[in-house]
Every structure is written in structure tokens, then in C-alpha cells.
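Single-structure report; data block below.
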Ligand code: SF4
Ligand code: SF4
């Protein structure tokens, strides 16, 4: 028996059980600890705000969509929250203090047309490529998004979901609009990564054309830099089916 087969037999099943079972300890989570400003804010904000590389810390709190989870602020007075959901249906929720924790697990307008399968077209409008790698990794044998009916497609004409990665640049806006218009309905848009949400480490770039929702209607936002694959898979699953079920297939 070859070494590869022996290893496969010894390891057993490797594919994640998500969404039929909670992620195990070795998996990247679908939740994260987010920084928040403890009261009194006047004591911590002046210390923490200058060390934040994305300008995410404001007087009202931390803009979770802009936060890249670098943890610099945690040594300057901010504190980590408990686990928060890594998906929101609006940027406004991500801008409100601890907005992610209060987000119901649904998207803006779940479509009954997505009940059985979802074809996803990824468009890079200005990324560093890390978000792309995490998203496309969903098709590998570990995440195996195909077992859930979630497939990547190479044509927007076959796509139900437009997965947007990277900071929207003015140069890419015509391509973004044409791609969205080429998709048949019903269709949805999922934005992943701090760059697509709020600019991330590229915030303030003069080529940025934020917010993304000015150009395409966004149904779900997944923060992170990059977001964990299971958070992306969870968002696509919710777009297709609604809240994840704990029951098996
Ligand atoms: S980007 Fe880094 S410094 Fe800024 S709020 Fe997030 S964890 Fe803190
Ligand atoms: S959010 Fe982070 S990982 Fe994703 S494209 Fe921007 S810099 Fe890269």
C-alpha cells in the first residue's frame, strides 16, 4: 500500500463537518474576538487610535468592518470582546459599537431561488490576493463547498452570487458594474475582507471608490483580513439557505 493511501486511512475523514456540526478546535473559527473601547472612552481612545493602522478606532467605537485584527490596540487600552459573528448585513451594523454581536444571522433579502445550490463568481477589485486564496480554498477537499451545493464558476452569466474581494478602485468600477449586470436574477453580492468593506490597510487611497454599496447592492459583509474560510462559507451558506442548521443532511 502506498504511503499516501496509508496516511489517508490513518487520518480518516478530514473534510469539515460545518455546518452540520460546530467547527472543531483545529479549524479557523466563524467568529472572532473584536476589539472594543471600554468605558471611559476618553481615557483609552487617545492612546489606542494612533496605533491603529486602518483608522478603525473612532470616538464612537471601533469600526469592525475596517479592523484587520492586528491586536495593536489591545496593548493600548482596548479590550477584546467575546466571540462575535463574522458577518453583517450592513456596514452600519459594523460601525455601531459591538454591532456584530447584535446581528441576527440573516442576510438582507434571502432569495427562495437559492435553496438548493449557489454558483459564485469571484471578482477582485483591488486585493492583495489573500482574500482570494481564502475564498477559493473553499473548493478544496477540506472545506469541500461542493458538498453543500456551493460552486465557483468562471462566468458571471452562470453566477448567483458576486463575491467581491479587495478595495473597490475607480479603475475597476466599470468591470464591477458590467459583471453584476451580466449575472441573471435572482442574484446577491457578498463583500469579504476589510478592504472591500472599509478600505482596510489601503484606507484613504485616492483611487478608492468606497462604499461598495454605492456601486452594487451588497447583501452580506464578512469582515477580516483575510476572513477565515469558514466565515466566508458560513456567509454563502446563509445567503443560500438562511441560518446554518445544526442538523445533519
Ligand atoms: S485594526 Fe488593529 S489596532 Fe485597529 S482596531 Fe483593529 S485590532 Fe485594533
Ligand atoms: S482585506 Fe486584507 S487580506 Fe483581504 S485583500 Fe485586503 S489586505 Fe488583503
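The values are calculated or read from the model by the stated rules, or taken from the named source; none is laboratory data. Quick caveat, the model's predicted, so the values are computed rather than measured. Cβ atoms come from the backbone with ideal geometry, glycine included; neighbour counts cover every protein chain shown.
Values as computed for the structure displayed
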| item | result |
| --- | --- |
| Flag if residue 92 is more than 16 Å from residue 229 (Cβ to Cβ), assigned to a helix (DSSP H, G or I) and at pLDDT 80 or above | yes |
| Unmet requirement for residue 162, which otherwise passes all of (1) part of a strand (DSSP E or B); (2) free of Cβ contacts under 8 Å to residues at least 40 places away in the same chain; (3) within 23 Å of residue 128 (Cβ to Cβ) | (2) |
| Pick from the range 168-225, criterion in a strand (DSSP E or B) and under 21 Å from residue 117 (Cβ atoms), ranking: nearest to ligand 2 (Cβ to nearest atom) | 192 |
| Any hit, the range 72-82, residues being at pLDDT 85 or above, over 14 Å from the mean Cα position of the chain (by Cα), assigned to a loop (DSSP other than H, G, I, E, B) and within 16 Å of ligand 2 (Cβ to nearest atom) | no |
| Residue check, residue 143 within 18 Å of the chain's Cα centre (by Cα) and either more than 16 Å from ligand 1 (Cβ to nearest atom) or assigned by TED's automatic domain parsing to the domain that holds residue 226 (or both) | yes |
